[in-house]
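The values are calculated or read from the model by the stated rules, or taken from the named source; none is laboratory data. Keep in mind the model is a prediction, meaning the values are calculated, not measured. All Cβ positions, glycine included, derive from the backbone under ideal geometry; neighbour counts span all protein chains shown.
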């Protein structure tokens, strides 16, 4: 068979005016823990190239392992085909250097704090590093819901391109994204991010910049109340979860949700909320604090309110 | 008259440029991965030479602009200018009950077609993008919509209704529509042409066996039944789709495996069919290779595939009140002699005498496959949906064009 001629397509356009670029053909993610992985998979599924940054090669490999596990899980539950998995994985790449973000149109930080670390400092540094690497039109976003993007962007040259984009990962396939403008965020940047959210087929919820936005703020209070109900002996942990699951059609009860999110993260959220609002309802229940002190952080450590096996499945009976 | 035939999918644009008087195919090609990374245009010239053009194709409009650009380019083109394109024919997937036949595209057509979007939420919007892009690029040129569902609109209500509460039909238009209409129509007409008989006097069964598979029963030149329904999942076993199945199975599996709606749809559309049974592939050639090597599930899958077709032949023969002509088309129907032979085995009782010798080795050709003594004629006819689209476009536009080319 004759060899096929390959040429660039640009020579065959009819109008000479410059062509718009495909919006969000590539995004960057800083920190590829569960939130980052979820976002990477979602974006790749929608044909967007993803490059994620981790601190070392080992963490990159771990992220890939977890992404593959999630995709295999979907295949085993008929939600995905092996061919689609290959296509998704081919869109995702790991890196150790910020310079690989140079051609991204959006970079989101989804870094995970270790217990006791200050989120503000680290995230601010991440924002500065991102700005050094990207073009000036590139949107820089934080996934944090309790730290204001205004604060994170305060030292940047182009503050107007920063937004807060909070993807809830507590429910698999959650379809909403909370979008908050900072003090400096331009309408243009905000509109662009709304387009991105639509592109990945989620619903953008516009929110005013306020710690905890909607989801986190309401959830932590629910969890605190669940702890109080348990401590007062009103009902057992399993039955509180069961009641909430069935009464309000939630996929997980408050304790199960908390274990999934990570109790250390919840304590940090609540600290941030308390320092902003100063009301006692944001003070984490002693029960949560006790578990965190014992390093019972939830699924991640295999034990939190409940106990979990290596696959992250709840082991019944042996609980708190 | 030169007609550009377009088939726009959600991320692809297929095109052919056909001269209707001479049936000459000037060029054909496809733009793939529209709006995605790694998009390209593959163009094939009349002399068989192929060109691949790589670069960003942001949307259907850009894609169509490049298609037109290539067609009039000095290097790879076949037209002096765009004015040599006299009309555009679009393959449209779902015309619902509104479209009984092909239709000139007007504002009203577009409005009606939009109303059919809920019936084909993936395909119809992509078709529409192609229409709108073309209107923008060549606003003066008439465009025609040819629907995949239109040929089957002649089905009687007792064949197209589901035994669901009637209110659901009223509310959402839930009924059987069928697909591949253009292909069923083309091969039936073409076979009658070759045999020198009138399509109106024949009882015909057409088997479109490709990655999607469907059959149609045609009487007096009209489709009276077809195997696909509201969606393409119903009917024959396909590459990755179940075809007919007890609905109770679905609710049972949904409960056992805790499946939501979107996953259930993936299960019956992408994980099932030949791929699901054999665990090998959705590609018939690979399955046949495995079957020859003795793979039991491959053998089972092929038996199931062929048995389902045979069962439908029996059912449609009964529905037609007898059979005169059986036609195979589509990738498998045109290129798989074994499937054709096994589907036609032991049908002498109904006057069908298959000729295995004539059948052996026939691939991608028009051919009579039954013995001369056979009362029922069996044929294989390569399908040509684009030609039908071009013809319909020509017929509809002719009344309008002042100076047809």
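Any idea how many residues of the stretch B:15-56 are in a strand (DSSP E or B), under 23 Å from residue A:49 (Cα atoms) and in contact (Cβ under 8 Å) with a residue 24 or more places away in the chain?
Qualifying residue count for the region: 2.
Counting residues that are at pLDDT below 95, farther than 30 Å from residue B:48 by Cα and within 12 Å of chain B (Cβ to nearest Cβ), which strands (runs of 3 or more DSSP E) fully inside the stretch A:1-100 reach at least 1?
Qualifying strands (runs of 3 or more DSSP E): A:26-30, A:49-53.
Here is a list: B:227, B:265. Which entry is surrounded by fewer than 17 Cβ atoms within 10 Å (Cβ to Cβ) and within 24 Å of residue B:93 (Cβ to Cβ)?
B:265
Consider the stretch B:155-178. How many of its residues are more than 18 Å from residue B:120 (Cα to Cα) and surrounded by 19 or more Cβ atoms within 10 Å (Cβ to Cβ)?
1
Among the candidates A:212, A:262, A:233, A:302, single out the residue that is over 29 Å from residue A:148 (Cβ atoms) and under 22 Å from the mean Cα position of the chain (by Cα). Walk me through it before giving the result.
Numbers: A:212 fails: over 29 Å from residue A:148 (Cβ atoms); A:262 fails: over 29 Å from residue A:148 (Cβ atoms); A:233 fails: under 22 Å from the mean Cα position of the chain (by Cα).
Step by step, each of A:212, A:262, A:233, A:302 is checked, and only A:302 is over 29 Å from residue A:148 (Cβ atoms) and under 22 Å from the mean Cα position of the chain (by Cα).
Looking at the stretch B:282-296, which of its residues are modelled with pLDDT under 95, surrounded by fewer than 17 Cβ atoms within 10 Å (Cβ to Cβ) and part of a loop (DSSP other than H, G, I, E, B)?
Answer for the stretch B:282-296, where residues must be modelled with pLDDT under 95, surrounded by fewer than 17 Cβ atoms within 10 Å (Cβ to Cβ) and part of a loop (DSSP other than H, G, I, E, B): just B:283.
Looking only at the stretch B:338-363, which residues are assigned to a helix (DSSP H, G or I), within 19 Å of residue B:236 (Cβ to Cβ) and in contact with a strand residue (DSSP E or B) (Cβ under 9 Å, 6 or more places away or on another chain)? Explain how you work it out, then say what you get.
So in the stretch B:338-363, the residues assigned to a helix (DSSP H, G or I) come out as B:338-343, B:348-350, B:356-359.
When the remaining residues are screened for being within 19 Å of residue B:236 (Cβ to Cβ), the result is B:338-343.
Matches in the stretch B:338-363: B:339, B:340, B:341, B:343.
Look through B:41, B:71, B:53 and report the one residue that is at the interface with chain A (Cβ under 9 Å from one of its Cβ atoms), over 15 Å from residue B:11 (Cβ atoms) and surrounded by 21 or more Cβ atoms within 10 Å (Cβ to Cβ).
Residue meeting the stated conditions: B:53.
Check B:378, B:397 and return the single one that is assigned to a strand (DSSP E or B) and under 27 Å from the mean Cα position of the chain (by Cα). So that I can check it myself, show each step before the final result.
On the way: B:397 fails: assigned to a strand (DSSP E or B).
Only one candidate qualifies: B:378.
For the stretch B:8-24, does any single residue satisfy the condition of being on the phi > 0 side of the Ramachandran plot and either crowded, with 18+ Cβ neighbours inside 10 Å or more than 9 Å from every other protein chain (Cβ to nearest Cβ) (or both)?
yes
Could you please find all residues in the stretch B:179-191 being under 10 Å from the mean Cα position of the chain (by Cα) and more than 21 Å from residue B:113 (Cβ to Cβ)?
Scanning the stretch B:179-191 gives a single hit, B:184.
If I filter the stretch A:240-253 down to residues being surrounded by 13 or more Cβ atoms within 10 Å (Cβ to Cβ) and part of a helix (DSSP H, G or I), which single residue comes out as modelled with the lowest pLDDT?
Of everything passing the filter in the stretch A:240-253, A:245 is modelled with the lowest pLDDT.
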